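The values are calculated or read from the model by the stated rules, or taken from the named source; none is laboratory data. Fair warning: this is a prediction, and the values are worked out from it, not measured in the lab. With ideal geometry, Cβ positions are generated from the backbone for all residues, glycine too; neighbour counts draw on all protein chains shown. Each accessible area value is taken on the protein alone, full model and side chains, heavy atoms only, with ligands, DNA and RNA left out. Shrake-Rupley method; radii C 1.70, N 1.55, O 1.52, S 1.80 Å.
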Amino acid sequence: MASGGEKTPASSAQPRKAPTPHASVYGRLSERQKQGACTFSPSVSSKYSPQQLVTPAQPPKAADSRSSPYSAGSVGSDSGASPFDICMSGNKCPIKLNSSLLEINRAKRRDKELSKDVAPFQYLRPGMVMLKRFIKPNDQVKIVKVCQQLGVGSGGFYRPGYRDGAMLRLWMMCLGKNWDPDSRSYGDTRPFDGAQPPTIPEEFRKYVQDAIQASHEILKQRIGAVNAVEELPLMSPDICLVNFYNSSGRLGLHQDKDESRSSLDKGLPVVSFSLGDTTEFLYGDVRDEEKVSKVDLESGDVLIFGGKSRLIFHGVSNMKPKTAPKWLTDETNLRPGRLNLTFRQY
């Protein structure tokens, strides 16, 4: 998912194919933004199995990618920069007074009480549902911290771009398989440094299965057991794209259609986790922002689209700053913005 922006060709850029939907989907960052925003670490707390919190690892020293055999002629990126940390570190960000554990737990309970007033299941259209605040607070913390640990290691967060030097307005980490925005294809390694994507943590896979199962249970009450699976097919994720958008992030309308023909034909769903700031999500049958529907995605929401909705156009029109739960930012030091994990089966 991404948003458009003007590209500034680099003097040494290689000739490239015409822009693809993804090329116009992801926005680009200014030089000032290249310096990096504070990082955050997502954490998910499953209502089925509470997890112990993980202490974030310290970012390793970045290698000099200029000597890498993958650098020349590969997709543009900040490959020589230090790994992007989605959580703020004390030596880079303003000092703040974190809430006490008692205050954090009170805030979590308050959010839980408020969530009772929100419909937990929203049927958006055939093949597309939303589970409001499905990811519990402790699980959200867990997810952020695990992503932070993976993100500062090999194959972690970086700012992707194109051969002509244009950069995307987000930081990305691929799990399972690498997705190359320039070629719009999956592979086993990243073109610019040869790094292999980290594997998808088993806990994350369980969260996905829990979400699909919960959706089926509710759909069965609406349309019957057999039809529920037809509307939202079962899937076992082997790919997860983890994107961090800062407060100015935007995602233009696009389709997720780079998976295998078999996966797309079966309508195997995309399962999306939202953590951090609230964002306005767009979706529709055509690539026209005047003709789409809109829904807010808040921290802890799970969005699933498959079956008849597998190839819908979707995107993010704007972020809503300072809407992340305070307990989440206090426990993780998550940077201002949104952490989005999208799972799919190749």
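Summary table
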read-out	value
3J(HN,Hα) from dihedral phi, region 312-321, Karplus parametrisation 6.51/-1.76/1.60, rounded to Hz, x for glycine, proline	5, 7, 8, x, 10, 7, 6, 9, 10, x
Heavy-atom surface of region 139-278, accessible at 1.4 Å and reported per residue (Å²)	31
Placed amide H near Leu334: partners under 5 Å, 5+ positions off or other chain	Ser41, Met88
Rotationally averaged projected area of region 230-294 (alpha carbon convex hull; nm²)	5.7
Ranked packing of 217-227, 231-241, most packed first, by mean Cβ within 10 Å	231-241, 217-227
Over region 168-273: Rg over Rh, Cα atoms, Kirkwood Rh	1.01
Residues whose placed amide H lies under 5 Å from that of Gly161, excluding near-sequence neighbours	Gly76, Leu168
Positive minus negative residues near Tyr186 (Lys, Arg vs Asp, Glu; Cβ under 15 Å)	-1
Interchain or long-range residues, amide H under 5 Å from Phe84's placed H	Phe157
Protein accessible area in region 115-200, 1.4 Å probe - carbon and sulfur %	45
Overall form of region 134-176 per C-alpha gyration tensor (a/c, 1.5; a/b vs b/c)	prolate
Karplus (6.51, -1.76, 1.60) ³J(HN,Hα), θ = phi - 60°, over region 183-192, in Hz, Gly and Pro reported as x	9, 6, 9, 9, x, 8, 9, 7, x, 7
